[in-house]
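Below: the structure, in structure tokens.
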Amino acid sequence: MNEHRARHEPDPPQQRRAEMRVRPTGPIVPSANVSGHALMCVIAIMSFLACLTLGGVSMVRATAQSWQSQISREITIQIKPDENLDMEKALADARDLALTFPGTTGGNIIDRAATARLLEPWLGGGLDLDELPVPRLIVITIDENNPPDFGSMRKALMETIPEAFLDDHRTWVDRLVAMANTTTMIGTGVLALVFSAMVLTVVFATRGALSGNRHIVEVLHFVGAEAGFVASEFQKHFLRISLKGAGAGGLLAALSFGIAGFWQSQTLATPETDQATALFGTFAIGYTGYLGIFAIIIVIALLTTLTARLTVTRTIYEIDLIRSDPGRTDSYQG
């Protein structure tokens, strides 16, 4: 009898292993559901828009800085034609006078052919400059770090050649700086709106997930599960969703900039590309732009996770308030 019992009863190690076999528990929040996929798509769209905004602001700022650098390296002397003026001699005298000032590095007189080409888009070809009162230009290159005294140069030119006018392009530089600052402010505002909309979306999505699983949360909380444990489960769920959505949106934005840059490099010297390059510069955002896209993905993931945790914690706090108030408990049960 004892031998028969010994043959059929499991030995202690087998018994311990059987006791250690625990049925795996399902997640508090389903890993894949309709609301989760919808939230992922919304986060992907917001991430895409945020990355496009960041890249666009970076391109505009880079283009404005390039324009500002090019303009600040040159000044222009304009000489108006006059019947008693020897234009060629006046051009040479104005250039030589400007080069006597410290801070100037070179001077170039725009010849008649180049002047005609500058006016061709507005007045057409075959211009005879002798029949038109067209001013002639001199381009003086300057040292950006040590520019000349423009006031003294302007005064000396007016005293020597009354028809000469010095343009140091300061008005254009100020306008470019103002445009770059305005673009940055607009881009920052768009990013703030995108992040705000994303926070509100995550709040509603988290509350929706809590509503669908509220009975589970209440049972877990009733049997002793801490609010931090329940919040961490929802936090992990929304972290996975946000990383997938933000990563997809950021990757799509990076591909868009890469395709635009490739198209621009393949269509050089065409009117469309020249106009786009003149207005927006190159579509390459550089490594700093791609680092910015990566930073936006991380920020969106962290923001989504933090919002989900705070929302869950607040909801559990409201459950505790309902349980502690008998009147509210009766109305809630009813």
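Any read-out appearing in this document is the output of simple, stated calculations on the displayed coordinates, not a laboratory observation. Owing to the predicted nature of the structure, the values given are computational and were not obtained by experimental measurement. Note that each Cβ is placed from the backbone with ideal geometry, even for glycine, and that neighbours are counted across all protein chains shown.
Values for this structure:
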item: Dipole magnitude of the stretch 103-177 about its Cα centre (Cβ charges: Lys, Arg +1; Asp, Glu -1), debye to nearest 20; result: 120
item: For residue 74, residues with placed amide H under 5 Å, excluding near neighbours; result: 142
item: Amide H contacts under 5 Å for residue 107, placed H, 5+ residues apart; result: 141
item: Computed lengthening from residue 175 to residue 303, 0.36 nm per intervening residue step minus Cα-Cα distance; result: 42.4 nm
item: Lysines with Cα under 19 Å of residue 80, excluding same-chain neighbours fewer than 8 positions away; result: 89, 155
item: Karplus-derived HN-Hα couplings along the stretch 39-52 (A = 6.51, B = -1.76, C = 1.60, θ = phi - 60°), whole Hz, x at Gly and Pro; result: 5, 4, 5, 5, 5, 4, 5, 5, 5, 4, 5, 5, 5, 5
item: Partner lysines for residue 244 [C-alpha distance under 28 Å; skip if fewer than 8 residues away on the same chain]; result: 236
item: Cα-based Rg and Dmax for the stretch 81-162, where Dmax is the largest Cα-Cα distance (Å); result: 14.5, 41
item: Sum of side-chain charges, residue 231 neighbourhood, beta-carbon under 11 Å (Lys, Arg +1; Asp, Glu -1); result: +1
item: Inter-site label distance for residue 114 and residue 200 at 7 Å from Cα along Cβ, in nm; result: 5.6
